[in-house]
Structures are given as C-alpha cells and as structure tokens.
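Written below as structure tokens is the structure these notes are about.
Where a number appears in this text, it was derived from the coordinates with a stated rule and is not lab data. All of these numbers come straight from a predicted model, not from anything done at the bench. Cβ placement follows ideal geometry from the backbone for every residue including glycine, while neighbour counts extend to all protein chains displayed.
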Amino acid sequence: MHFSRNLASTVVLVASSLATLPASATIITYAEYHLGEPGSLGANNRPQDSSGNARNLATDISGSAAVTGNSVFHPNAAGSTAYLDTTPAGNQGWYSSALFTSLPTDNFAFGVFAQASALHSGDVFTVGGSNGSFKLSLATNGWGASANNVNWISSASGNVGSFNANTWVHLALIRSAGQTTFYINGVASSAPYGGTPVNDTPHIAVSPGGATYFSGLIDEARVVTFTPGESAANVINALQAVPEPSTALLGLIGALALRLRRKR
C-alpha cells in the first residue's frame, strides 16, 4: 500500500538519523534521590541514593515529621510519582557528613524540583556544609543560589520575581570550565560565578549548621558529572531525567514499525 511504503520510508529515515546524533554518554549520575517513591526513603525519611553509588543521607533532623504525597499538579519530572513534603510542624532536614568529598569541583551539576507556599529562607539542596559549598535555596527575594557564607551566585537574597507560590520549579547549578551558572526551569538566571566549590556534606531541606529550614515540597534531587564541553541543555535534561534523544527516537521507531505491521 502507498501508506505503508511512506511509513516504511519514515522508519528508515528516523533510524538513519540515529547515526548522526552526537554521543551523549558523557553525563554520569553521581547521586539520585527520588524523594517519595517506594524505596527512596530510609528511617525517618532519610533520602536514599538510587544511582547504585550508595550515597545515602545518614542523619535526619526531625525527619520523621515529613510526609510524602502525589498530585495532579506534580512537576514534569520524568518517572516521578511522589514527592517529599516538609511543611508539617517542626523543622525537617537531612544530611550526611563528608558524603560528597569525591565529587569533582569542576564539570559537575546538581538540581532539584521544589515549591513552597510563601517566601522564606531555607536551603533546598546543598552539595556541602563548609564555607564555599554550593546551595540551591529559597530566600527573601525568591529562588536563589550561593556559595555558603561566601557569595551569592544568583542575585542577592534570591532572584526577584522568580517565586510563585505553590508552583513547582526546577533549580540547578552547573559548574563547567571553572564557571558556575544558576538555572531556573532550564533558563540561565545568573552571571557566571568563578569561585571554587567545597563539596563535602550534602544537605536537603536544611542549611549547613541547621540555622534555617526549607518548608515546602521537594522532588528528584540529582547530582551529575560530565566531560568538558557538554552542553548545558544536555546537563539540564539529565538532572530532570529527560530521555536522551536516541532513546526517544528508538521509541518512535518501535511505534512506527508497529503501525506498519498492522497496516499490512
């Protein structure tokens, strides 16, 4: 049939395009916290690493008071079915001493989905606890990023206008070629920052030292490393667990082939 010939040609064209895609195996997952799915939380809701690297957070601060939930308003996080909620009374947070000391100080990135009902000061996800460690936070002006007790990477006290109550947002910091940029929903939202990070004791929902706590919803916290020159778009996709282009194309080929068999 004419339709089948066209469909077959499409399958061939899509398959041939796979050979022209750039290699994308340069991004490696360092740690991954699903924050809500079965098996993603240990005792007192301690975030467990699903990457296979066993980088599990070992210490909680009233962590058992947190709850998990899911909603039709869940973020567009690939594969996510639940989130961690730190809004119940009390301060909840988690950390693990010296867990990220092997994380390189260049060509790495980390990100997390978050939302809150009101502006307040609280760190969502940090890759260290020492001065200079990088943090993704909610601050008095909006979503922000900083080097702990050293310098803001975003605008001071967060980016004005970046916060919308009860709205999911993806926050990320990408460190590449000695420069760090803050991203909100995949869009570069700061000037590059040149200070070298201190990677050691990660924190989720609590500031290093326990001074302030994030009260809101958190999901899909990830840390990746990558080879020099990797694009920011690919890194953001990896942090959000978006399928690689080749995977998407293979799925399309399968669907087209199935339609072709049914038409014959």
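Some values worked out for this structure:
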| read-out | value |
| --- | --- |
| Percentage, to the nearest whole number, of Cα pairs in the stretch 34-135 over 21 Å apart | 38 percent |
| Debye, to nearest 20: dipole size of the stretch 14-166, +1 on Lys, Arg Cβ, -1 on Asp, Glu Cβ | 100 debye |
| For a label point 7 Å along the Cα-to-beta-carbon line of Asp106, residues of the stretch 174-197 with backbone N under 19 Å | 174-182, 192-197 |
| For the stretch 215-221, Karplus couplings with θ = phi - 60° (6.51, -1.76, 1.60), whole Hz, Gly/Pro x | 10, x, 10, 9, 8, 6, 8 |
| Neighbourhood net charge (15 Å Cβ-Cβ; Lys/Arg +1, Asp/Glu -1) for Trp152 | 0 |
| Alpha carbon convex hull of the stretch 26-243, projected area averaged over orientations, nm² | 10.2 nm² |
| For Asn131, net neighbour charge (Lys/Arg +1, Asp/Glu -1) across residues whose Cβ lies under 15 Å away | -1 |
| Dipole of the stretch 26-243, positive direction: furthest Cα of Ser102, Phe134, Ser64, with charges on the beta-carbon | Phe134 |
